[in-house]
Amino acid sequence: MKAAVGTVIDKYALERQIGEGGMGEVYEARHTLIGRRCAIKLLRPELASNSEVAQRLLREAQAAAAIGHPNIVETFDFGVTADGTTYLVMEYLDGQSLDQLLDESERLAISPTVAILVQVLSALVAAHNKGIVHRDLKPENIFIATGRRGVAEIKLLDFGISKFSSASGEALRLTKTGTVVGTPFYMSPEQATDTQNVDARTDLWAAGVILYECLTGRLPYEAKTYNAQIVQIVTGTHVPVQELEPSVPDALAAVVEHALQKQPAERFSSAAQMIQALLPYYDKEAVEVGHFSLQPSLLVSSPDLAQT
């Protein structure tokens with residue numbers, strides 16, 4: 001059963017549902033004493049007794065708090081109510097996910113693509129420096145928020161299946177060998193075959209997939225079933241970026257190829273190194289124009305849409 005609007009969870013009054021996922025629902029809420037607007041994620045009641053799922057929600061809070069980066073959504077409260085409702089409280093964001101933005105257009109132009117990726121990678125630099133690997137980097141977890149003075153801010157979400165280098169005990173049970181975690185389309189070859197031993201370079205693979213998708217409007221590896229998708233990622237080949245979109249410069253296409261090397265040792269060694277490779281295409285104006293989805297000049301429209 002969904003929580004009713006108007007319900008007070010500890011000191012947070014639910015105002016409207018703004019999202020839903022496999023673990024629970026997300027609501028816009030307000031602190032009943034100070035009136036602060038926030039977003040609150042509630043674990044589904046049927047999962048309340050599942051300690052592993054509850055640990056994922058706690059891990060999300062711990063990771064965000066440990067990293068403390070402006071491109072990572074701020075998380076400032078976590079708790080369990082007297083009736084067993086587990087919740088996570090985050091900053092409220094106006095805007096849309098990268099996934100929603102890509103649904104509006106066949107692909108993105110180079111400037112906003114690089115502006116988004118540089119900010120995502122900046123968040124990953126901070127996470128990796130803390131020994132935290134996200135492991136579920138995908139467009140749904142990249143949020144384009146309308147920040148102060150209308151400047152677009154990229155926020156990385158959902159560290160629920162992140163891997164901590166210092167994990168032990170209960171935390172290790174969440175990443176045990178043989179348990180595949182992550183979203184198949186963005187999963188690195190090593191993540192698909194050996195979840196326990198992934199490192200920061202698995203996030204750089206996912207960043208490469210997102211870069212490919214933004215520039216071409218397609219994923220590098222796609223299959224109709226989960227198992228076929230894994231086989232494609234591990235053993236398949238992808239169409240080079242420039243075959244799908246010849247306007248992509250050689251050096252930028254090389255960044256994509258470098259990130260999508262099957263062997264981790266052949267990829268960028270760090271998120272910071274990948275940022276450096278993207279900087280020649282980084283346009284500060286693409287960050288300052290405001291909410292990306294409201295800037296048609298930054299998008300590349302689908303030919304089909306252009307004809308309607």
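Here are the numbers:
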| quantity | calculated |
| --- | --- |
| Diffusion constant of segment 187-256 at 4 °C, which comes from Stokes-Einstein with the Kirkwood Cα-pair radius and 1.567 mPa s, µm²/s | 101 µm²/s |
| Sum of side-chain charges, VAL89 neighbourhood, beta-carbon under 12 Å (Lys, Arg +1; Asp, Glu -1) | -1 |
| Dipole in debye (nearest 20) - segment 28-111, about Cα centre, beta carbon charges: Lys, Arg +1; Asp, Glu -1 | 280 debye |
| Computed P(r) (all Cα pairs; segment 29-150; 10 Å bins; percent) | 11, 36, 35, 15, 2, 0 |
| For MET90, solvent-accessible area (1.4 Å; no DNA, RNA or ligand), Å² | 20 Å² |
| Cut-off under 5 Å, modelled amide H: who pairs with GLY24 long-range | ARG44 |
| Packing rank of 200-209, 227-236, 66-75, 244-253, where each peptide gets the mean count of other beta carbons within 10 Å, highest leading | 200-209, 66-75, 227-236, 244-253 |
| Potential lengthening between THR237 and ASP83 on full extension [0.36 nm per residue; Cα-Cα distance subtracted] | 50.3 nm |
| ASN129-GLN276 FRET efficiency (beta carbon distance; Förster radius 22 Å; 0.05 resolution) | 0.85 |
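The values are calculated or read from the model by the stated rules, or taken from the named source; none is laboratory data. All figures in this text were calculated on a predicted structure; none of them were measured in a lab. Glycine gets a Cβ as well: all are built from the backbone with ideal geometry, and neighbour counts include every protein chain shown. Remember, those area values only see protein heavy atoms, side chains included, never the ligands or the DNA or RNA. Shrake-Rupley method; radii C 1.70, N 1.55, O 1.52, S 1.80 Å.
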